[in-house]
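Below: one structure, written as structure tokens.
Bear in mind that the values in this text are calculations on the coordinates, not laboratory data. This structure is a prediction, so every number in the text was calculated from the model and none was measured. Ideal geometry is used to build each Cβ from the backbone, glycine not excepted, and the neighbour counts take in all protein chains shown.
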Amino acid sequence: MIGSLMLVRAGVTVRAGARRLTPGVATGSTLYWAWQRRHRPVADLSHGWGSNSQWRTRFRRDYWLPDRLAYNVDADLKPAKAHPDGARDIVDVDLLRYRCSTMTDLGSEQWVWPEHHSEPAPFTLDSTPRMAGYLTELATTVLDLDNTSGIWALADTRIAAGDPTFVADLAIRLRQQYGTAISPPWQYASVDNRLLRLLCMTQQAAAIEQTVRVVMAGDLPQRRQAAQLLAYHQSPKQLAVLFTDRWPASEEVEQLRSLVLHELILRSIKVEDIPDIAEWATSPHRSHQVLDRLSYTLTAVEGRPALPRFQLDSTSYPVFSGKPSAPAIARVIGARVPGSTETTTTETAAAIGTAVASWVSWSNGQCEARTFELTSELADGALADTLTSLGLQCLGTTAAADLHIYRSSPGQVWQALFDAAANGGAYTAGEGGAQGRLSAWLSLAGLTGCSAQTDIAEVEYQAGSRSWYTLDPTTRWFDQTGWDIAVIAVSPDRRHLRVLAATDAD
């Protein structure tokens, strides 16, 4: 044995009754999954097709697990092809157990290769070294899979049997083996996502405990994902255990607590009504978290944010209507176009683009964030001509007459920024609701001229004093595939203008 993997099955003495074993059949019948045996017929998929047959034929693997025996497990994880002539698969499970006939000789033509079987272990073993070995082998197998449904089914079975510890152990082992790679294999990403969702969605206290184990071994993006899943699928009372002294106040646990807290707030949960959560949130002794600057209730600008829905196999994101219902701002021909001086700095552009940063860094997106000082007051009727005079890349050579500009509000702009940050672009999963909430405020702060350190209440006040507009993203610069933002903010004195344009495509 190597861990729980059975490596050697030969060289043993067997004793059995006449109703269990026929000696001549057991010792002389065809031995399947064997290349060669002296004085005995054998059958193996590697026979009869050339010099590459040995190394291109996969091994059979059997495991003795703490609670069961598992035979030919790869046939379950990566099913073999059916018999080329459509013949029925094997009918005697003893061919799987012993690799040969035991009572009646079934011959050498049985199509055994796609079969697998599991049954209760005959007695209890010390599970620790065997389980560790099994998980290592299982994690290694992942890269050989054409699809991961077999691993998914195994995890589903263990959860149904009340064993979330197995699922967490497998997730941690996979993270240790593949999680730190620059480009982890797709099989790892598929299985890791499934295991985390399975744990977070299971209505068991033990499943929540095992989720904490997994995210303590993971990274910040995984903790953000777990926080969303837990807040969506678990009740606040069930999640209160996260905020007790059951776990040490490590950096990873404190991050998870902060993320879960703000995911609950996004769902309009009154955290002050849950003693354990409220005590942690207001404790002067806990470590500082980047989300602490956010309020513990949703602001008027935030309203009730549109949030995604999480299922075991999918995530559905909110869909926003395209054009505003209000009519476009009328362009006044001959209206005075004020002169302008660009005041954009690197820091300001980065601040304004916070909510869409992942579109540029991790996907195919591009972003234009710029600020301007005007020589005179800007009238609504001159807005289109003023924008075309600024040399904006997002407009290119588009004529002012072809622009469609609409009045907006701080709440509508915040929601668009929040959606971009929380849910991501074409090839990025986003930051999650809690971090996305903060990123939306940071972008709004940049658009209002506030610094990144400005209190959220002040940012909200400044946003309310400005005039907001959205641009219909129909110019060539925008990809127009669902990830487009075009926001204009004009200061109360109508002499300062800030623009955020962003687009992404798959």
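Provide the convex hull volume over Cα atoms per residue for segment 305-412, in Å³.
Cα convex hull per residue, to the nearest whole number: 155 Å³.
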* Karplus-derived HN-Hα couplings along segment 438-452 (A = 6.51, B = -1.76, C = 1.60, θ = phi - 60°), whole Hz, x at Gly and Pro -> 5, 4, 5, 5, 5, 5, 5, 4, x, 6, 9, x, 8, 7, 5
* Structure fact -> Cα-based Rg then Dmax for segment 94-248, in Å, read 18.9, 64
* Asked: Tell me, what ³J(HN,Hα) does each residue in segment 150-157 have, in order and in whole Hz, if you take phi through Karplus 6.51 cos²θ - 1.76 cosθ + 1.60 with θ = phi - 60° and put x for Gly and Pro?
  -> x, 5, 4, 5, 4, 5, 4, 5
* Structure fact -> Helix 410-423: inclination vs the chain longest Cα principal axis, degrees, rounded to 10, gives 20 degrees
* To do: Give me the angle, in degrees from 0 to 90, between the Cα long axis of helix 186-201 and the longest principal axis of the Cα atoms of the chain, rounded to the nearest 10.
  => 80 degrees
* To do: Evaluate the relative contact order of the chain (contact order divided by residue number), counting alpha-carbon pairs under 8 angstrom at least 6 apart; express in whole percent.
  => 10 percent
* Please report, to one decimal in angstroms, the Kirkwood hydrodynamic radius of the chain built from all distinct Cα-Cα pairs. => 27.2 Å
* **When segment 351-463 is reduced to its Cα atoms, the Kirkwood hydrodynamic radius in Å** => 15.4 Å
* Asked: So what's the net charge close to Ala486: Lys and Arg +1, Asp and Glu -1, counting the other residues with Cβ under 11 Å from its Cβ?
  -> -3
* Structure fact -> In whole Hz, the Karplus estimates of ³J(HN,Hα) for segment 249-259 (6.51, -1.76, 1.60; θ = phi - 60°; x where Gly or Pro) are 7, 6, 4, 5, 5, 5, 4, 4, 4, 5, 5
* To do: Name the residues whose placed amide hydrogens come within less than 5 Å of the amide hydrogen of Asp62, ignoring near sequence neighbours (fewer than 5 apart) on the same chain.
  => Met6, Asn72
* Please tell me the relative contact order of segment 259-331 in percent, rounded to the nearest whole number, where contacts are Cα pairs under 8 Å and at least six residues apart. => 25 percent
* To do: Sort out for me the Cα centre separation of segment 218-289 from segment 436-506, rounded to whole Å.
  => 30 Å
* Using Cα pairs closer than 8 Å and at least 6 residues apart in sequence, work out the relative contact order for segment 326-392, in percent. => 52 percent
* Asked: So who's got an amide H within less than 5 Å of the one on Leu69, skipping anything under 5 residues away but keeping other chains? H placed 1.01 Å off N, in plane.
  -> Glu119, Ala121
* To do: Whole number please: convex hull volume per residue, Cα atoms of segment 401-506, in Å³.
  => 99 Å³
